[in-house]
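Remarks on the structure that follows.
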Amino acid sequence: MSTLYDFKENIKKEELKKIADKINEGGLVVFPTETVYGIGADATNSKAVKKIFEAKGRPQDNPLIVHISNLEMLKDIVYAPTETEKLLMDSFWPGPLTIILKSKKILPEAVTAKLDTVGVRMPDNDIALNIIEASGKPIAAPSANVSGKPSGTELSDIYNELKDKVDIFVDGGKTNIGIESTVLKVDENNVVNILRPGKISVEDITKIGLEVKLDKHIFEDVKENEKVESPGMKHRHYAPNTKTILLEYSDEDSIMINKVKEFKRNNENKKIGIICFNEHEEAYKNMGIMCITIGSKSNLMEISRNVFSDLRKIDDMDLDICIIEGVKKEYIGTAIMNRLIRACEYKIL
Ligand code: TXA
Ligand code: MG
């Protein structure tokens, strides 16, 4: 049985101590970050880290992100960062950015999946920072979800799938950003390679004067035996059981709406649903299409916050096909599209 602590209103000191003790005993704690919930354990405790992999059913070759609450903690884990890496930390930490750094190989092999690098981030969430600080340990934490399901952005989405597998759940309400951190690696020419897009965008990194590249696997499936920069790229990502198809974004509402109209005409006998912008709901309802609204087309943050919980709703709608409206690939929109294209298994309308 797991215990639930409610920190939505405030962080309770006595309960914080119990959480820290549990981490130090090698337990598992589900806690909020600004991106998604994480399943955390003491990153220095190999047994505890192995429990994370069991709880998630996570492939052993997929390394975990290590969460820190201050820069001092970095020194024990990785070699000194370069000037470019320091600039990224100064600019975006605490925040939704994971930097792949050269590991001192002090952490258990399970954390890094035997790679010579380790992904580190300092989350921008008071509950997360307090838990790390109180336990005095770097905390290894993947997203809180069973492998193959969308990351959890509120406890109600993940409680049932994890309740028998973790010791403590900490409720911090719905997470702010809703999709996982940007994962990047700086190469020998000081070019920033984005391996997984997130809230910290190409535009944000360009603004601080750095050269940025998006890895090609952000929008392309990995072919058999192809080498990847990040093990997470080759693992199956969440796709609903229902057939889903991604509708490409257009600034012109009528272009998107007419494509759906035509699709509906060509699939007259099928039960069609759509995850759509608020602005398009009425048009689709008038066509007899079931709608889940994801947010306003002009508010990428709203869409980002809703995307995973909306994807979880698709299979309950009893549809033959679900269309998902795509967003513009700019700022966090690049990250949203990266998650959506995987959910649609690269099928585009
Ligand atoms: O926002 C987030 O990053 C959330 C919260 C809980 O912090 N965590 C998260 O963890 O999304 P996870 O395990 O679901 O995703 C970590 C990703 C995986 O795709 C993994 O392959 C990649 O980061 N990764 C971790 N360490 C790496 C390394 N040393 N080299 C390359 N990729 C790495
Ligand atoms: Mg994950």
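The values are calculated or read from the model by the stated rules, or taken from the named source; none is laboratory data. Since the model is a prediction, treat every value here as computed from it, not as a measurement. Every residue, glycine among them, receives a Cβ derived from its backbone with ideal geometry; neighbour counts consider all protein chains shown. Remember, those area values only see protein heavy atoms, side chains included, never the ligands or the DNA or RNA. Shrake-Rupley method; radii C 1.70, N 1.55, O 1.52, S 1.80 Å.
Here are a few things to note about the model shown:
- Surface accessible to a 1.4 Å probe, per residue, for the residues of the stretch 243-343, Å²: 44 Å²
- Across all C-alpha atoms in the stretch 195-269, the radius of gyration and Dmax reach 17.6, 53 Å.
- Helix 83-92 axis, angle to the chain major axis (alpha carbon atoms, nearest 10°): 70 degrees
- Spin-label model distance (nm) - residue 250 vs residue 228, 7 Å beyond Cα toward Cβ: 3.3 nm
- Magnitude of the charge dipole, the chain, Cβ model with Lys/Arg +1 and Asp/Glu -1, debye to 20: 760 debye
- Charge dipole magnitude, Cβ of K and R +1, D and E -1 - the stretch 3-181, Cα centre, debye nearest 20: 500 debye
- Helix 126-135 axis versus longest C-alpha principal axis of the chain: approximately 30°, rounded to the nearest ten.
- Rolling a 1.4 Å probe over the protein heavy atoms of the chain, with every protein chain left in place, gives an accessible area that is 46 percent carbon and sulfur.
- Taken over the alpha carbons of the stretch 1-64 as equal point scatterers, the Debye sum produces base-10 log I(q)/I(0) values at 0.14 Å⁻¹ of -0.45.
- Amide hydrogen proximity for residue 196: with H placed 1.01 Å from N in the peptide plane, the residues at 5 or more positions away or on another chain lying under 5 Å are 183.
- The label point for residue 220 and the one for residue 82, both projected 7 Å from the Cα toward the Cβ, are 2.4 nm apart.
- Computed label-point distance, nm, for sites residue 189 and residue 161 using a 7 Å Cα→Cβ extension: 4.0 nm
- Contact order for the stretch 3-181, expressed relative to its length and based on alpha carbon pairs under 8 Å spaced 6+ residues apart, stands at 39 percent.
- Mean-square fluctuations from a GNM of the chain, with a 10 angstrom spring cutoff on Cα atoms, peak among 82, 98, 334 at 82.
- Relative contact order for the chain, counting Cα pairs under 8 Å that sit 6 or more residues apart, in percent: 19 percent
- Dipole axis of the chain (+1 Lys, Arg; -1 Asp, Glu on Cβ), positive-most option in 70, 93, 138: 138
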